[in-house]
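The values are calculated or read from the model by the stated rules, or taken from the named source; none is laboratory data. Bear in mind that the values here come from a model prediction, so they are computed numbers and not experimental data. Backbone-built Cβ (ideal geometry, glycine too); neighbour counts: all protein chains shown. To get the accessible areas, we keep the full protein, side chains included, count just its heavy atoms, and leave off ligands, DNA and RNA. Shrake-Rupley method; radii C 1.70, N 1.55, O 1.52, S 1.80 Å.
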Amino acid sequence: MSTRSHILSTGSYLPEKIMTNHDLSKIVDTSDEWIFQRSGIKSRRIAADDQSTSDMAIKAAEAAIERAGIQPSDIDGIIVATTTPDQTFPSVAVRVQAALGVPVGIAFDVQAVCSGFIYALSVADNFIKVGQLKRVLVIGADKMSSLLDWSDRTTCVLFGDGAGAVILEARDGAEDGTGVLSTHLYANGGMRDLLYTDGGVSTTGDSGHIIMHGREIFKYAVKLMADAVNAALDANDLSADQIDWLVPHQANLRIIEATAKKLSMPMERVIVSVEEHGNTSAASIPLAFDGAVRDGKIKEGDLVLFEALGGGLTWGSALLRL
Ligand code: ACO
């Protein structure tokens, strides 16, 4: 009898402050029309100065724990995908562990930028499949506003802050076809100069700001995310029309639409939250997923496909049946 990871619950958190495109047009030379037409973004949430990535991660985790109806002591692993940790070390994951009162277990961060949540989900899934963990809190949380140069209109209009979480649980007997069915992860460091920060703790001594070659990223994002989706479909002997919901990384509506078109997937089956969240990096998929579950769009039994691409470049997909 094989063991599979099942989604027990979801949770998310968004900071209170809403920054609209109109607000941004007072800071940099831009407009609501330009931002919306190019990205599909209308507004994003911005964390307070004294609000850290772990503060958001803890709130998302608390929501997931409450919805699962479990105790923090029922969790034996915490994996946080983030690029914006509170401190260089220790990890956001151990902060979450201490705040929630999760007993000593496995807790660490994963850094794969916008693909981070799929990477973290895959790591958690493998821990569960080999029997090392039973119930894992997987969080994607980022305070991308802390990496922005607020005078650079080519980047500051695209990102936002937030956190999303899922609890994965080990269940024996995969015969009913539910659970995480596959994950596919990729990276190509040769493309790291397309999207990066111009700083780091072992070089400049600070985190630096985001530098992005938007046009190239757009091109690769559509191709590579579609490739990752096709890898998931092939591995499970499925076609795109059998997928109930595509939950893509929420970077840009045009990328999402172009990828869906490449897969011949109608937008009615694609979860989109970028309009109100902007690109929240590792938080984007679990935020969109939690919203769609709570809205009643995604239901038990649905076949759901996650896909993402981020700095590195890193990219990947995860297929699951709820
Ligand atoms: N407001 C007004 N004008 C702007 C802005 C802005 N915020 N930003 C750039 N411009 C100007 C440029 O200066 C340029 O002006 P010029 O022609 O006088 O030189 C013009 O708009 C066109 O710029 P482009 O960069 O060519 O615009 P493009 O149509 O490619 O759109 C965008 C830019 C939205 C960044 C697009 O390339 C994109 O979406 N790329 C993907 C990037 C992305 O989503 N990254 C997120 C991280 S990776 C990921 O998560 C997948």
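Maximal additional length on extending the residue 175-residue 108 stretch stands at 21.0 nm, based on 0.36 nm per residue less the C-alpha distance. When DSSP beta bridges are restricted to pairs lying wholly in the chain, around 75% turn out antiparallel. The equivalent ellipsoid of the range 42-100 has semi-axes of 21, 16, 9 Å, largest first, where each one is the square root of 5 times an eigenvalue of the Cα gyration tensor.
Among residues other than residue 36 with Cβ under 9 Å from its Cβ, the summed charge is -1 (Lys and Arg +1, Asp and Glu -1).
Approximating the spin labels as points 7 Å out from Cα along Cα→Cβ, the residue 188-to-residue 26 distance works out to 4.3 nm. The accessible surface of the chain, taken with every protein chain in place and a 1.4 Å probe, is 49 percent carbon and sulfur.
Per-residue ellipticity at 222 nm computed for the chain from its helices equals -9500 deg cm²/dmol, with DSSP H segments shorter than 4 residues left out and the rest contributing -39,500 (n - 2.57). About its Cα centre, the dipole of the chain is roughly 300 debye, where the only charges are +1 on Lys and Arg Cβ and -1 on Asp and Glu Cβ. For the pair residue 299 and residue 37, a Förster radius of 30 Å applied to the C-beta separation gives a FRET efficiency near 0.35, rounded to the nearest 0.05. Cross-link reach is defined here as a Cα-Cα straight distance under 29 Å, omitting same-chain residues fewer than 8 places apart; for residue 262 the lysines meeting it are 42, 219, 223, 297, 299.
The distance separating the Cα centre of the range 287-316 from that of the range 232-251 comes to 10 Å. Tally Lys and Arg at +1 and Asp and Glu at -1 over the other residues with C-beta under 12 Å from the C-beta of residue 276: what net charge comes out? Charge balance in the 12 Å sphere: +2. Counting only protein heavy atoms and a 1.4 Å probe, the chain has 42 square angstrom of accessible area per residue. As an equivalent ellipsoid, the range 179-321 spans semi-axes of 27, 17, 14 angstrom, where each value is the square root of five times an eigenvalue of the C-alpha gyration tensor, largest first.
Given in Å, the Rg to one decimal and the Dmax to the nearest whole number for the Cα atoms of the range 169-227 are 18.4, 52.
Mean 1/r over all different Cα pairs, inverted: what Kirkwood radius does the range 265-322 give, in Å? Final number for the Kirkwood radius of the range 265-322 is 12.4 Å.
When the P(r) of the range 3-172 is calculated, the portion above 22 Å amounts to 45% of the C-alpha pairs. The Rg/Rh ratio for the chain is 0.95, where Rg is the radius of gyration of the alpha carbons and Rh is the Kirkwood radius. Per-residue Karplus couplings for the range 68-85, computed as 6.51 cos²θ - 1.76 cosθ + 1.60 with θ equal to phi - 60°, are listed in order as 6, x, 10, 9, x, 5, 7, 9, 10, x, 10, 10, 10, 8, 7, 10, 10, x Hz, Gly and Pro entered as x. In the range 81-135, the ratio of gyration radius to Kirkwood radius, Rg to Rh, stands at 0.98 when only Cα atoms are counted. Extending 7 Å from the Cα toward the beta-carbon at both residue 50 and residue 236 defines two label points whose distance is 4.5 nm. Couplings 3J(HN,Hα) for the range 148-156, derived from phi with the Karplus relation 6.51 cos²θ - 1.76 cosθ + 1.60 (θ = phi - 60°), are 8, 8, 6, 9, 9, 5, 6, 10, 5 Hz, where x marks Gly and Pro.
Near residue 258, once Lys and Arg are set to +1 and Asp and Glu to -1 for all other residues with Cβ below 14 Å from its Cβ, the sum equals +4. Shown here is the pair-distance distribution of the range 105-198: with all Cα-Cα distances grouped in 10 Å bins from zero up to the longest one, the shares run 12, 37, 29, 16, 5, 0 percent. For the range 226-284, pairs of C-alpha atoms spaced more than 16 angstrom apart make up 43 percent of the total.
Spatial offset of the range 50-85 relative to the range 119-184 amounts to 11 Å, using the alpha carbon center of each.
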